[in-house]
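Presented below is the structure to which this report refers.
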Amino acid sequence: MSTPLVRMPEGTPVFLAIPQEVADRLATTCFRGRDKALAGNFSRYDRYRDFILDMEVSVRLTKTVYKAILERPGKDKFNLRSSIELPMYVGWSSTADLSLFQPHELEPFELNSRVTAWRVKDRTIDAPLTKTITFAMCFRRDDHVWRVSFHTIYPGKDVGRLVPLNGARDISERSHQAFFGWDHPGEPIRP
């Protein structure tokens, strides 16, 4: 799905897209249905289309993309990680500040084959609601068109790329965030 987003001052059009494999992955993590109060899930959007059609998100994404391109004159390819804050809750974060937890409430786990983190094992602690949306995008200009594609979109604070940094593999240590499993319950939404 490709969406025209904006035109740059010299007239170059910018298209925003989500690769199918990313859309499929996010359907099992972040876009699982508004009624599922689970860590890492959006409560405001059922699917990517709902997210991109949200006027508040669309305006902020357009500003972010426009500014990113203007700040990198002469670059035809780059990546960007960014977060936006909305005035209302958007879903349940998949992380929370590490200092909020006692050691017995956490367990080590592998985020992927390259990095580890600390996960909240106590299921009586709910994943927190958040107003923050984090996304990572790849920008590429070819044939006088900017193509911007999402690598990821999720509710909550940016924890950075899930790769070792200077040999350090522990993402919790680096980001000061504890993680929740995808099936961890989220706090109730109160009116």
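Any read-out appearing in this document is the output of simple, stated calculations on the displayed coordinates, not a laboratory observation. No experiment lies behind these values; they were computed from the predicted model shown. Cβ sites come from the backbone with ideal geometry, for glycine too, and all protein chains shown count toward neighbours.
Note on the chain: helix-only mean residue ellipticity at 222 nm, from DSSP H runs of 4+ residues weighted -39500 (n - 2.57) and normalised by residue number, equals -5000 deg cm²/dmol. Projection of the Cα convex hull of the chain, averaged over all directions and equal to a quarter of that hull's surface, yields 11.9 nm². Counting neighbouring beta carbons within 10 Å and listing from fewest to most, the residues 94, 99, 113 come out as 113, 99, 94. Taking Cα centre as origin and charging only the Cβ of basic (Lys, Arg, +1) and acidic (Asp, Glu, -1) residues, the dipole magnitude of segment 4-49 rounds to 220 debye. So how tilted is helix 55-70 from the main axis of the chain? Cα-based, degrees 0 to 90, rounded to 10. On a 0 to 90 degree scale, this one is about 60. Can you spot the aspartates and glutamates whose alpha carbon is less than 18 Å from residue 67's alpha carbon? Ignore those fewer than 8 places along the same chain. Once the sequence-local aspartates and glutamates are set aside, what remains near residue 67 is 10, 56, 76, 85.
The GluC sites (Glu not before Pro) of segment 62-138 meeting both criteria, a DSSP state outside H, G, I, E and B (loop) and at most 10 other C-beta atoms within 10 angstrom of the site's C-beta, are 71. Quarter the surface of the alpha carbon convex hull of segment 59-146 and you get the mean projected area, 8.6 square nanometres.
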